[in-house]
Every structure is written in structure tokens, then in C-alpha cells.
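Here is the structure we will look at, set down as C-alpha cells.
The values are calculated or read from the model by the stated rules, or taken from the named source; none is laboratory data. These figures come from a predicted structure and were not determined experimentally. No Cβ is skipped: glycine too gets one built from the backbone with ideal geometry, and neighbour counts run over all protein chains shown.
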2 protein chains.
Amino acid sequence: MSTPPGSGAPSTAYWFDDSDPAVPLLQAVRRFRRADEEMRRGMETDMDVNATDLEALRHVIAHERAGTPVTARGLSGHLHISTASTAKLLNRLSESGHIRRRPHPGDRRSVIVTATEHTHEEVRGWLSPMHQRMLQAARDVPEESRQAVVDFLDSLAESLIPEPEDGDG
Amino acid sequence: MSTPPGSGAPSTAYWFDDSDPAVPLLQAVRRFRRADEEMRRGMETDMDVNATDLEALRHVIAHERAGTPVTARGLSGHLHISTASTAKLLNRLSESGHIRRRPHPGDRRSVIVTATEHTHEEVRGWLSPMHQRMLQAARDVPEESRQAVVDFLDSLAESLIPEPEDGDG
DNA sequence: AAATTTTACCTAGCCTGGCTAGCAATTCTG
DNA sequence: CAGAATTGCTAGCCAGGCTAGGTAAAATTT
């Protein structure tokens, strides 16, 4: 083995066995996750909203663009917070001018949430250049490796699902 | 054409132009991110600690394994929370039996944080099978595509760094 | 080496953003 | 149509951030 037991462990690769050629891939994944977190933090700071509110805005905008507008209920589900917390969130975001509540055309109990034009611009300002760069990164992946990348990512996603404890039946 | 302008947009690919062959890669990235979030949520629930505390435990354990133990200060920096909040966090986690404070051998102001054996086991129970699966996923990437994967991920990470506003200069 | 500044950590007390409970309006169902 | 279910709201609680301010130890200056 490459990490001699009992010796001072290497500083970069905590858990890892350096000799495994698969390790650099997981290290790259780790770097990506870190960068993702930092990006979110930067965006929160810049737009002066918390993480949940930011994700809410992102969701609202995405659905607005897709023409499948979002209700308070739907938002609550997406964010995994209660409908009560969602009501508070909507209050915050409408007071700060980020979103607007609109009546749902087909259900008078329900509320449609839309982003204000200002919010659209603000988010576009952040996301669209970022998105362009990400798209370019994806285009730079050689044709013959694209499927491998997709498979790897999906396989990773699969890895994160906990193995079902073999219970009774 | 794939996304007829003005028509009702497709539900899966909000922002995307389906015709770009790079898009499936970003969609896979998105699926991975989602899975990652869900994994964390599951772990929080299962171990009955909040996200910050969980990340703290992870960090402590990783550093413990690497033989570079972590101080309260270091933890505070890693988590991006104040030293005061870190003190509270350490109180929570030591009351719940997850960690222990130890004197720093070389600096009597400082505190070394270690995880209890129980915590090590608990985290190992979650992470090491997951890690095995991730490692397998990485090994399954064909040799000739590995570099492309690493490059893509690093390039994505790079993409997340906001472009420097061209200011005065 | 004495005095000063900086650093690591702590407690006290505040505020934001979750939560449950409970209500009104609307829609669905038998 | 009566009763059950669903959507969203307010009220009020609590966890987990924060700033302010204190002490002890270490580092730096004089």
C-alpha cells in the first residue's frame, strides 16, 4: 500500500490511497463541490439574500422561463420547508422587491410566484456568464469522452444513495 | 428545431438549448448536485445533527485521520462562522457526545477538537461504503477518458468563479 | 523584562429563519 | 350538497447564526 500505516498521513489526500488511479477523479469532484459552495456564498452576499431565498429565486426564474410557473406550495416542496416558512419567505422576497405574488388563474386558493424584472436581470447577470463558461467547459470535453463523463456523474449520483439496510422481508 | 422560440418551453431543460451536444453533460452535473444535497439531508436526519455540525464532524475526522488535528479557530475558518458560533457548536457537539475538546500541546490558549470513537464509527458507517462506491465509479471510467473528466470538473470549478468586473485599473 | 498588542476562546444576549398550531377560503368527493 | 382535503396565511416558539465584550496566553515592542 502507499500510505504506510502509522506514518504521518499525507496532507492533501486524507482518506485516499494515492496509488489508485481513480483517486484524482474524486479529488476533482471535491474541488468542484468546493467551488460550487463558494460560488453560492458569493452570490448570497452579492444579492443580499440567504441561501434558501436564493434557491427560491433560482427555482422561480427557471420555471418562469420554462413557462411552468411555480406556486407557493411547489416552492415549499422544492425547498423542503413548511408552507408556513414559505409564506414568510415570500413575504421577505416581496418586501425586498424580488418577487410578486399573483393569483393562480385556475385555483383561487393558490398563488403564483413570479420574479420581478430587476431580479431577472440580477440573476441573469450572475448566472448567464457562468452558464456560458460551463457550457464551454462541456463543449471542450472531447467528443469521445462525453458519454464517459455523463456515466461517471450519474454513477456518482447513484453512489450517494445509501445502500438499503437489508432489513426483514 | 429543438426549442421553438416562443412556444411552451420543454419541462426538463429550462435554460438549455437541447440541440447543443454539451447540454447532457451539464444536466448530469445538475443531477449529481441534486443527489449530493439529498445525501447530506439524509445524513443530517440520520445522525440528528444540522448541516454545519455535520460538516464540522466531517472536517474534524478528516484532519484527525490525516494527523493534522483541528483547532476551534481552524474549524471556525473552515465553516465560515464566527469563533463565538464555533464555541456554541463545540458545546452542542460535546454535550451530544460527538466530539471532545483537548488542550493544544504547544499553545495553551488553543483547543484541539477530536471526534469520539462513536462518531468515527457513525461517520465511517455512512461515508466509507459511499466512498467505496464512488471509487468504483471512478475506476469504471475508461482509462482514456479520465483526464478529460478531471479537466472538465476543474474547468467547471473555474467557471463558477465570477469574472472580474472590469473596473478602473 | 515590562508593557502592549494580538490571538484563541469563551459567555451573554440579540435576530433571522426555520418549525408547529391553528384558521379562512376554496376545491374535491361521496 | 355536506364533509374532507388542500392552499396559504398569521401567531408564537426555538435553534443556530451574529456582535459585543471578557480572560488568558503568546507575540511583539520598548
Scope region B:35-67; condition in a loop (DSSP other than H, G, I, E, B) and surrounded by fewer than 18 Cβ atoms within 10 Å (Cβ to Cβ); matching residues: B:Asp48, B:Asn50, B:Gly67
So A:Ser145, is it among the small types (Gly, Ala, Ser), away from every other protein chain (no Cβ under 12 Å) and free of Cβ contacts under 8 Å to residues at least 40 places away in the same chain: no
Test result for A:Arg58, within 16 Å of DNA strand C (Cβ to nearest atom), within 14 Å of chain B (Cβ to nearest Cβ) and under 29 Å from B:Asp151 (Cβ atoms): yes
Members of region A:148-163 found to be surrounded by fewer than 17 Cβ atoms within 10 Å (Cβ to Cβ) and β-branched (Val, Ile, Thr), listed by number: A:Ile161
Residue count, region B:73-82 (criterion: near DNA strand D (Cβ under 10 Å from one of its atoms), more than 25 Å from A:Gln27 (Cβ to Cβ) and touching a residue at least 12 places away in the same chain (Cβ under 8 Å)): 1
Top-ranked residue in region A:132-142 [being in a helix (DSSP H, G or I), at the interface with chain B (Cβ under 7 Å from one of its Cβ atoms) and not aliphatic (A, V, I, L, M); ranked as nearest to B:Gln147 (Cα to Cα)]: A:Arg139
Contacts under 7 angstrom Cβ, first residue in region A:28-56 being closer than 19 Å to A:Pro129 by Cα, partner small (Gly, Ala, Ser) and surrounded by fewer than 17 Cβ atoms within 10 Å (Cβ to Cβ), 6 or more apart: A:Arg40/A:Ala51; A:Glu44/A:Ala51
Cross-chain or 6+ apart pairs with Cβ under 7 Å, region A:83-104 first and of a type in the set (D, E, K, R) and within 12 Å of DNA strand C (Cβ to nearest atom), then modelled with pLDDT of 95 or more and assigned to a helix (DSSP H, G or I): A:Arg92/A:Asp53
Residue list for region A:105-117, restricted to those being within 13 Å of DNA strand C (Cβ to nearest atom) and exposed (fewer than 13 other Cβ atoms within 10 Å of the Cβ): A:Pro105, A:Gly106, A:Asp107, A:Arg108, A:Arg109
Every residue from region A:73-82 that is over 19 Å from A:Thr119 (Cβ atoms), within 14 Å of chain B (Cβ to nearest Cβ) and more than 10 Å from DNA strand C (Cβ to nearest atom): A:Gly77
Test: A:Val70 is within 11 Å of DNA strand D (Cβ to nearest atom), buried (at least 18 other Cβ atoms within 10 Å of the Cβ), in contact (Cβ under 8 Å) with a residue 12 or more places away in the chain and within 14 Å of chain B (Cβ to nearest Cβ): yes
Of the criteria (1) part of a strand (DSSP E or B); (2) within 12 Å of DNA strand D (Cβ to nearest atom), which one A:Thr114 fails: (2)
Candidate set: region B:26-55, residues that are small (Gly, Ala, Ser) and within 16 Å of DNA strand C (Cβ to nearest atom); chosen: the one farthest from the other protein chains (Cβ to nearest Cβ): B:Ala51
Boolean, B:His98 is closer than 22 Å to A:Pro162 by Cβ and within 15 Å of DNA strand D (Cβ to nearest atom): yes
